[in-house]
Amino acid sequence: MESFFVQEPVSALVHKFGCVGIEISTLGDSAWINEFAGIPHNPAYQVDFKSELSHEMTFLQRIYNVYVIASTLFVSYYHMYPMQSIMDKYFNYTGWETRPSLHNLMANRSLILVNSDPVLSYPYPTAPHVKEIAGLNIKPNQPLPKDLKKFMDEAKHGVIYFSFGSNLKTSEMLRGAVGRAFMAVLERMPQRVLMKWETDNRELKIPSNVMTAKWFPQTDVLAHKNCMLFITHGGLLSLTETVYFGVPIIGIPFFTDQFKNMLQAQTMGYGLIMKYNNITEESVSWALNEITNNPSYRNVVKMKSQMFRDRRHTAQEEAIYWVEFAIKYPNALLPKSAFMSFWEKRIFEVGTFSILSLILLYIILKFLISIMRKSNNTCVKKVKRS
């Protein structure tokens with residue numbers, strides 16, 4: 001199940017059926033996921049997927065990172081109350097009265113499969129039952145359609161692939177000045193272009209070196225030897241595929257984790273970020289020429305590709321192994337910390353006890369010193385009188 005994002009009540013099914021709980025997360029670097037895995041985010045070097053930050057933060061950025069993670073946890077914990085009410089209202093079954101709290105139900109995961117990999121993002125500590133399976137979406141390549149294969153094979157200067165994925169329509173996003181800027185630059189580029197284009201957009205003239213279609217077999221296109229640049233929205237699956245096939249990337253992020261994904265690509269040296277609101281003909285021209293003419297981007301992503309592929313098992317085999325392991329040995333890898341409260345994980349009660357103990361000790365010592373001083377003064381007075 002994927003239950004940690006507004007689907008928490010389905011955790012009741014683990015109790016109802018007495019089954020093994022296996023969580024799937026499409027996002028790896030999530031403060032909320034790590035909270036329930038039992039190893040909370042450390043804002044000194046870990047960033048949540050909502051942060052537009054790299055792991056190399058300045059002092060002010062760390063302050064902002066603390067704010068992002070703290071607000072994420074505050075809202076998420078508060079969100080548990082309405083989710084608990086929904087679960088209590090709709091998940092009524094025989095024996096539901098013995099059901100533990102929603103917090104404990106969510107913590108009861110024998111396995112958490114996350115769509116991440118240290119090659120794609122920044123390495124960070126995880127709990128024993130958290131396993132990274134990025135690349136699960138990559139399947140064996142299939143032959144390209146004849147017209148598409150001919151178009152790419154005959155591209156003497158390479159091919160630029162342009163797609164905003166399945167949630168965004170490229171033809172809708174490239175309107176007005178933004179669309180005109182891209183078309184003007186693409187027309188001057190020596191490369192051929194494959195552009196995912198879903199609807200008619202009569203205000204723009206499609207250059208002769210651009211082939212449009214409502215859908216392209218993305219992984220097969222990226223796998224082609226002549227594909228030299230991927231222009232994308234920066235979704236995590238697209239980032240995974242572009243690294244796997246060793247293609248540099250230009251990202252125009254729009255929402256959620258796309259900003260952080262592209263920041264990672266840029267700081268690691270195999271991609272560039274373009275902000276949608278700042279797109280001009282000059283900025284598009286610079287970005288495309290920088291990526292296509294500077295070999296460093298391709299060199300970095302080729303090394304990343306080699307690292308990503310250099311694994312004992314495929315992502316599918318890794319996921320299957322751990323699912324079978326979790327079924328055979330439920331909760332064998334689940335740490336006690338997963339069931340601890342927010343305060344217990346951070347030993348606030350121990351810290352509070354320690355601070356109160358020190359305060360009490362200070363008060364007692366101060367009281368004893370005061371008594372000793374009064375006693376000494378009394379003795380001195382008696383000696384003087386005698």
Inset, instruction - Return the lysines within reach of Lys336: Cα separation strictly under 26 angstrom, same-chain partners fewer than 8 residues apart disregarded; answer none if there are no such residues. - result: Lys16, Lys131, Lys328, Lys345
Inset, instruction - Determine the gain in length on full extension of the stretch Asn42-Leu360; use 0.36 nm per residue of separation and subtract their C-alpha separation, reporting nm with one decimal. - result: 111.4 nm
Legend entry - Gyration tensor verdict on segment 234-320 (Cα atoms; rounded if a/c is under 1.5, prolate if a/b is larger than b/c, oblate otherwise): oblate
Inset, instruction - Give the shape of segment 1-147 as rounded, prolate or oblate, defined through the alpha-carbon gyration tensor: a ≥ b ≥ c are the square roots of its eigenvalues, a/c under 1.5 means rounded, and otherwise the shape is prolate if a/b is larger than b/c and oblate if not. - result: oblate
Legend entry - Estimated distance in nm for a label pair at Glu56 and Ala177, the labels positioned 7 Å out from Cα along Cα-to-Cβ: 3.3 nm
Inset, instruction - Can you tell me the FRET efficiency between Lys169 and Val323 if r is taken as the Cβ-Cβ distance and R0 is 45 Å, rounded to the nearest 0.05? - result: 0.80
Inset, instruction - Could you tell me the distance between the Cα centroids of segment 175-210 and segment 223-265, to the nearest Å? - result: 19 Å
Inset, instruction - Take the Cβ-Cβ distance between Ile206 and Lys275 as r, set R0 to 25 Å, and report the resulting FRET efficiency rounded to the nearest 0.05. - result: 0.55
Inset, instruction - May I ask you to derive the FRET efficiency for Met1 and Ile369 from their Cβ-Cβ distance with R0 = 51 Å, giving the value to the nearest 0.05? - result: 0.25
Legend entry - Relative compactness, the chain, computed as alpha-carbon Rg over 2.2 N^0.38 Å: 1.35
Inset, instruction - Tally up the carbon and sulfur contribution to the accessible surface of segment 10-162 as a whole percent, 1.4 Å probe, everything protein left in place. - result: 63 percent
Legend entry - Global geometry of segment 278-386, whether rounded, prolate or oblate, following the gyration tensor of its Cα atoms and the 1.5 cut on a/c: oblate
Inset, instruction - Provide the solvent-accessible area of Phe367, counting protein heavy atoms only and rolling a 1.4 Å probe, rounded to the nearest 10 Å². - result: 130 Å²
Inset, instruction - Give the share of C-alpha pairs in each 10 angstrom bin for segment 50-112, from 0 to the last occupied bin, in whole percents, shortest bins first. - result: 17, 32, 25, 17, 8, 1
Legend entry - Mean Cβ neighbour count within 10 Å, used as a protection proxy, ranking 3-12, 194-203 highest first: 3-12, 194-203
Inset, instruction - Per DSSP H run of at least 4 residues, take -39500 (n - 2.57); add these up for the chain, divide by its residues and hand me the 222 nm value, nearest 500 deg cm²/dmol. - result: -15000 deg cm²/dmol
Legend entry - Dipole of the chain, positive end: most advanced residue of His157, Ala213, Ser51 [Cβ charges, Cα centre]: Ser51
Inset, instruction - For the chain, set up a Gaussian network in which alpha carbons nearer than 10 Å are linked by springs, and say which option among Ser166, Ser283, Ser121 fluctuates the most. - result: Ser166
Legend entry - Residue-span extension gain [Asn141 to Asn294] - 0.36 nm each, minus C-alpha spacing: 52.3 nm
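The values are calculated or read from the model by the stated rules, or taken from the named source; none is laboratory data. Every value quoted in this text rests on a predicted model; they were computed, and no experiment measured them. Every residue, glycine among them, receives a Cβ derived from its backbone with ideal geometry; neighbour counts consider all protein chains shown. The accessibility values were calculated without ligands, DNA or RNA, using every heavy atom of the protein model including side chains. Shrake-Rupley method; radii C 1.70, N 1.55, O 1.52, S 1.80 Å.
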